[in-house]
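Working notes, structure below.
The numbers here are math on the coordinates, done by the rules we state, and not lab data. These numbers were taken from a predicted model, which means no experiment stands behind them. Cβ placement follows ideal geometry from the backbone for every residue including glycine, while neighbour counts extend to all protein chains displayed.
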Amino acid sequence: MNCNHSRRDLLIGGSRALLAGACLPTMRGLQKMQESALASLASEGGGAGYKALVCVFLDGGNDSFNMIVPRDAAGHAVYSVSRGQLAVPQGQLLPILPTSGGDTRQWGVHPAAPQLRDLFEAGTMAIVGNVGTLLAPMTKAQYVNGTVPKPAQLFSHSDQSTLWQLPSARDDVAHGWGGRMADLVLSMNTGALSPAISVAGSTRLLRGQTVVPYSIGTDGSTPLNGTWGAAGTHRLQTLRQILGAAQGSAMAREFADLHDQAIELDGLIRGALNAAVPLGTAFPANFLAQQLRMVARMISVRQPLGALRQVFFVRQGGYDTHDEQLAKHPQLLAELGSALAAFQAAMVELGVETEVTTCTLSEFGRTLTSNGRGSDHGWGGNQLVMGGAVQGRRIFGAMPNLALGGPDDGGLGRIIPTTAVEQMSATLANWFGVPSGEMNSLFPRLAQFATPDLGFMA
Amino acid sequence: MSTGQASARHSPRTASAFLFACVLTACSGGGGDQANTGPGPGVPPNEAEAARFLTQATFGPDDASLASLQNLGYSDWIAAQMALPPSLHRPEIEARQQAGMDTQPRHRQAMWWKRALTAPDQLRQRMAFALSEIFVISDQNDALGADVVGCAEYYDLLVRHAFDNYRELIESVSLSPQMGKYLSHLRNQKPDPVANTRPDENYAREVMQLFSIGLFELNADGTRRLDGAGQPIPTYSQSDIIGLAHVFTGWNYADAAGWFDYTPNYRPMEPWDDYHDMQPKLVLGTTLPAGRTARQDLAQALDLLANHANVGPFLSRQLIQRLVTSNPSPAYVARVAAVWANDGTGTRGNLGAVLRAILVDGEARTGEVGAPDYGKVREPILMQTALWRAFGAVSPDGSFMFANPEFTFAQAALRARSVFNFFRPDYAPQGEIAAAGRVSPEFQILDHTSVIATVNQMYRSIFERVLGDPASPQDEILLDLAPLTTLAADVDALIDRLDALLLMGSMSATLRSILHSHLEVENDNKLRAQDALYLVVTSPEFLVQK
């Protein structure tokens, strides 16, 4: 399918109605999608309301076993032996009291992130235990014997980061699960803007088969300079004529499309943002919070932009804590906690706290063992899900055994995941409104796992 | 082979001698099929071809480099460039410090712009920038954020080694205290059973994944080897990383009084054998025996990496992608990798010879110019250098200040978001390019935001940062529009000039016609020159470097 031509031709033709920031599916495909979306709406009991998923990627591999920590004496003792110098002292942990899930252990949140404790205790946040890339459920014995296939290039940043964004732990499709999810509900949106929006640059997660993500900065979209007055108007007209005439290589056409679309959508988005009521919620200055602030502003203009379904992507860097972990990781968690709390407050302000769900992703957890100054690349890790529709104050999946040499230890405290990434993403996709009949094609290996919906959005 | 022997065998003198021989015989980089690899006597047939070569080999053609290349021909021009002394960054940074002047990360950026735009050793500077996108450190990381001199020294390391031997480069990179801070092997220790710690795996992993052999076994032409089931074959396993992590133990700042008593500095790290693991280590199928010193282990491990069959094709392909084309043919990679394996004098890893082989190859010069997917997207920051070099950028106060290029271009020297650089060599944007199985790495940093930011920076450069314009700030880099304004009286001459310098004479008839229609109704020559320049450097035809 030669998407780019159709996209540009439409832009040049001035037809904005069906742009969706993307190339278009065939008419038959579109009809099929509309039918399935309508069927899904009907099954929701007519709740044709807005829904957005906000994906927060913790870049570098969050040491999530220090974010949520056993605080009972026996659980903390096992944890402390495994983590050595990296252990968070028992007395500093901020207690949380899950109403269900987990196991016999008691849990606490890292003292740097009291907001995470507060969100959890308020029932706005849930924990998903020991999530990671898997091709099939795998015991330690199967991992050691190699009798169950494991994802390629475990423990590598670039590879595992990619696999977390794909519909299965096999890099054999071009699209990400967020983008594909957006494909399947695309027809619910009416505006020209893509339903998949990144505030953190290009990302595989938001690529669909038809949806092409839109990328925005923390201050909104950027207008083209030098377009004012007669000379500016003439120049802009010629510039767009040149973009429209792009020929030769696919690279040239790709750039022309991107550039022309950026000009087109800027007018639309800036107009909507300028007309919007400013957010009252104050956001911290950190970069993650500023990205989430932009997400909140975009959500505030969902109606003029014709958006009923949106997937957002933001990123917090710095989690690759090989050294100085005891100094760096608390700072990162403090930023994460304050940013998530501000964002949730903004959702309340906008009256969409049950319509918007936020989740964390990270390419891997880290080794329980210490290298003397930090931790190295692991595998499974704990993740957070936040929002008014989340079954909060609960733990889903299984929290791992943190003993070195224990049943979950793949070696040096690299924890073998017990919940697959797509079990978590499929649970979110179910809530988002992906028709149930599409789930197994969206997540091709979901059937490998016993619980396709973890229940945290039920 | 010990480090000392490596240094003796791979001396720069050897490389120079080879290049000199090449110049005399107009050979094409050694190895491979001569009919496909060289431009013969090697004088560019016209200005457009000279501009094309200089776009690959420098930060952009200007009148002086065009004249020099057309006079010398490719071989002599390369040899002359390689003979120039390196233009370094650190001495100027330290001179600022010694003069009591403020010295911030933005001053290192300014020095990068000054060298990119004005340094005579353009080939070396361009190669160093390419190397800085493979052997990545970044001041966007806490460890290096305030280390202005250290980052300048690391960049200079790449400048100095640009034409040296890979084995020396990888050792210098590995022992750089800035790399040691960035990938945390500085002061990495042997296992401590009491504290229950083990060596840091960070550098061990990335030196293999990114700086030497890559993830998968490669054929000599850079394509992946496949196993019996048609699957790619991993180059190393987690146990190799653990083995290599033990190798990289025991290194501290030079001249430390004790392991815990050190002063940060910029000299190569030095070993402390008490903190080096002396147990046997298994790395890539070779056992490094017990009782070896940190230096002995390092030398053997780096020999293993440097002699691995992957290194030549893995890094040759990436250098071709940085300079010439995103999707080189396997045959092109194979020809360059053959020079990597043997520069013609029996030396392996001669980077100067490799660079030369990349630039004089038939595929770089003429081979696939007409093919629709030949070429590469210009890196956004190199769009700016090309514009400024082509039309005479000036810094009235001499500072060449451009504080945070990454805000505009999503890239700047030593400012990647991670060790994975601004973009990955295998990145393909969604749509036609990915569907065709092609890659276009630079698109990873081109999105709706950065495209407009880059285009707006082009506008600022052309309309708001002009030499002689009193409204333009004198402490920034300004464009000298006078010659182009003079030329603009003749629309065709103006278009021809832009075509030659910026589009390598390949402007399409469509673009020419659109430009002509636009320019002929503009009567002010300066505005005509500005509009022409702006519309060319924002065009898809400029973006894709053929």
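Can you tell which of B:309, A:237, B:79 lies farthest toward the positive end of the dipole of the protein assembly as shown, using +1 and -1 charges on the Cβ of basic and acidic side chains (Lys, Arg; Asp, Glu)?
In the protein assembly as shown, that residue is B:309.
Of all DSSP beta bridges in the protein assembly as shown, what percent run antiparallel (nearest 5)?
Rounded to the nearest five, the antiparallel share is 55 percent.
Which value, in Å to one decimal place, does the Kirkwood hydrodynamic radius take for the protein assembly as shown when every pair of different Cα atoms is included?
Its Kirkwood hydrodynamic radius stands at 29.7 Å.
Sorted by average packing, counted as other Cβ atoms within 10 angstrom per residue and highest first, what order do B:442-448, A:117-123 take?
Put in order of decreasing packing, that is B:442-448, A:117-123.
Given all pairs of different Cα atoms, what value in angstroms does the Kirkwood hydrodynamic radius of the range B:88-130 take?
Taking every pair of different Cα atoms in the range B:88-130, averaging 1/r and inverting gives 11.0 Å.
Taking Cα pairs under 8 Å and at least six residues apart, what relative contact order does the range A:141-279 come out at, in percent?
In percent, rounded to a whole number, it is 16.
Would you grab the residues whose amide H sits under 5 Å from the one on residue B:281? Only those 5+ places off in sequence or on another chain, please, with H modelled 1.01 Å from N.
B:288
Can you grab the distance from the C-alpha centre of the range A:271-336 to the C-alpha centre of the range A:183-227, Å, no decimals?
Here the two parts' Cα centres lie 16 Å apart.
For the range B:379-512, report the convex hull volume of the alpha-carbon atoms normalised per residue, in Å³, without decimals.
In the range B:379-512, the Cα convex hull volume per residue is 135 Å³.
Relative to the first principal axis of the alpha-carbon coordinates of chain A, what is the inclination of helix A:229-244, with its axis defined by its Cα atoms, in degrees from 0 to 90 and to the nearest 10?
Helix A:229-244 sits at roughly 70 degrees to that axis.
Any idea what the dipole of the protein assembly as shown comes to, in debye rounded to 20, about its Cα centre with Lys/Arg Cβ at +1 and Asp/Glu Cβ at -1?
1140
Using θ = phi - 60° and the Karplus relation 6.51 cos²θ - 1.76 cosθ + 1.60, list the HN-Hα couplings for the range A:325-332 in order, rounded to whole Hz, with x at every Gly or Pro.
4, 5, 8, 7, 5, x, 4, 5
At 0.36 nm per residue, minus the direct Cα-Cα distance, what do residue B:486 and residue B:424 gain on full extension? Give it in nm, one decimal, please.
Difference between extended and current length: 18.0 nm.
Determine the shape class of the range A:326-458: with a ≥ b ≥ c the square roots of the Cα gyration tensor eigenvalues, call it rounded for a/c under 1.5, and otherwise prolate if a/b is greater than b/c, oblate otherwise.
oblate
So if we plug the beta-carbon distance of residue A:99 and residue B:287 into 1/(1 + (r/R0)^6) with R0 = 56 Å, what FRET efficiency do we get, rounded to 0.05?
Between residue A:99 and residue B:287 the formula returns 0.55.
Working out 0.36 nm times the residue gap between residue B:196 and residue B:224, then minus their Cα-Cα distance, what length gain in nm do you get to one decimal?
Full extension of this stretch gives 6.1 nm more.
Looking at A:203, B:360, B:56, which one has the Cα that reaches farthest to the positive end of the dipole of the protein assembly as shown (charges on Cβ: Lys, Arg +1; Asp, Glu -1)?
With unit charges placed on the Cβ atoms, the residue in question is A:203.
Whole-Hz Karplus ³J(HN,Hα) for the range B:172-181, in order, using 6.51 cos²θ - 1.76 cosθ + 1.60 and θ = phi - 60°, x for Gly and Pro?
Per residue, the Karplus-derived 3J(HN,Hα) values read 5, 4, 5, 9, 5, x, 6, 4, x, 6 Hz.
Rounded to the nearest 20 Debye, what is the dipole magnitude of the range A:355-454 about its Cα centre when Lys and Arg each give +1 and Asp and Glu each give -1 at the C-beta?
Rounded to the nearest 20 debye, it is 260 debye.
Mind jotting down the three principal axis lengths of the range A:215-307 based on Cα atoms? Whole angstrom, largest first.
Answer, in whole Å and largest first: 47, 32, 27 Å.
Would you mind ranking A:110, B:107 by Cβ crowding within 10 Å, fewest neighbours first?
Lowest count first: B:107, A:110.
For the range A:250-366, evaluate the Debye formula with one uniform point scatterer on each Cα (no solvent term) and list log10 I(q)/I(0) at q = 0.17, 0.21 Å⁻¹, rounded to two decimals.
Taking Cα atoms of the range A:250-366 as identical point scatterers yields -0.95, -1.16.
So who's got an amide H within less than 5 Å of the one on residue B:165, skipping anything under 5 residues away but keeping other chains? H placed 1.01 Å off N, in plane.
B:351
Compute the relative contact order of chain B as a whole-number percentage, counting only Cα pairs closer than 8 Å that sit 6 or more residues apart in sequence.
Normalised by residue count, the contact order of chain B is 18 percent.
Please express the Cα-Cα pair-distance distribution P(r) of the range A:50-160 as a list of whole percents, one per 5 Å bin, running from 0 to the bin with the greatest distance.
2, 10, 16, 18, 18, 17, 14, 6, 1, 0
Over the Cα atoms of the range B:39-195, Rg to Rh with Kirkwood Rh, two decimal places?
Taking Rh as the inverse mean 1/r over Cα pairs, Rg/Rh reads 1.08.
For the range A:383-444 and the range B:429-464, what is the separation of their C-alpha centers, rounded to whole Å?
Rounded to whole Å, the Cα centres lie 35 Å apart.
Enter the mean projected area of the convex hull around the alpha-carbon atoms of chain A, in nm², rounded to one decimal.
22.3
Is the C-alpha gyration tensor of the range A:204-263 telling us rounded, prolate or oblate? Criteria: a/c under 1.5 is rounded; beyond that, a/b larger than b/c is prolate, otherwise oblate.
Judged from the Cα gyration tensor, the range A:204-263 comes out oblate (a/c at least 1.5, b/c at or above a/b).
Give a residue-ordered list of calculated ³J(HN,Hα) values for the range A:433-444 (Karplus: 6.51 cos²θ - 1.76 cosθ + 1.60, θ = phi - 60°; whole Hz; x for Gly, Pro).
The phi angles translate into x, 5, x, 4, x, 9, 4, 6, 7, 5, 10, x Hz.
With bins 10 Å wide starting at 0, give me the P(r) of the range A:303-353 over every alpha carbon pair, in whole percents.
Whole-percent P(r) values from 0 Å outward: 19, 38, 25, 15, 4.
Helix A:421-432 sits at what angle to the longest principal axis of chain A, using alpha carbons and giving 0 to 90 degrees rounded to 10?
50
Dividing the convex hull volume of the Cα atoms of chain B by its residue count, what figure in Å³ per residue is obtained?
Hull volume normalised by residue count: 159 Å³.
How would you classify the range B:294-423 from its alpha-carbon gyration tensor, with a ≥ b ≥ c the square roots of the eigenvalues: rounded for a/c under 1.5, else prolate if a/b is greater than b/c, otherwise oblate?
oblate
Dividing the convex hull volume of the alpha carbon atoms of the range A:405-458 by its residue count, what do you get in Å³ per residue?
It is 90 Å³ per residue.
Looking at B:527, B:231, A:342, which one has the Cα that reaches farthest to the positive end of the dipole of the protein assembly as shown (charges on Cβ: Lys, Arg +1; Asp, Glu -1)?
B:231
Mind listing the long-range amide H neighbours of residue B:252? Cut-off is under 5 Å, sequence gap 5 or more, other chains count too, H placed in the peptide plane at 1.01 Å from N.
B:187, B:270, B:272
Using Cα centres only, tell me the gap between the range B:263-318 and the range B:154-191 in whole Å.
The two parts, judged by their Cα centres, are 12 Å apart.
Using only the alpha-carbon atoms, how far is helix B:448-459 inclined from the longest principal axis of chain B? Give it as 0 to 90 degrees, nearest 10.
Approximately 50 degrees, to the nearest 10.
Can you compute the helix-only [θ] at 222 nm over the protein assembly as shown? Use -39500 (n - 2.57) per DSSP H run of at least 4 residues, normalise by all residues, nearest 500 deg cm²/dmol.
It lands at -13000 deg cm²/dmol.
Taking the Cα centre of chain B as origin, sum charge times position over the Cβ atoms of Lys and Arg (+1) and Asp and Glu (-1), and report the length of that vector in debye to the nearest 20.
Computed about the Cα centre, the dipole is about 920 debye.
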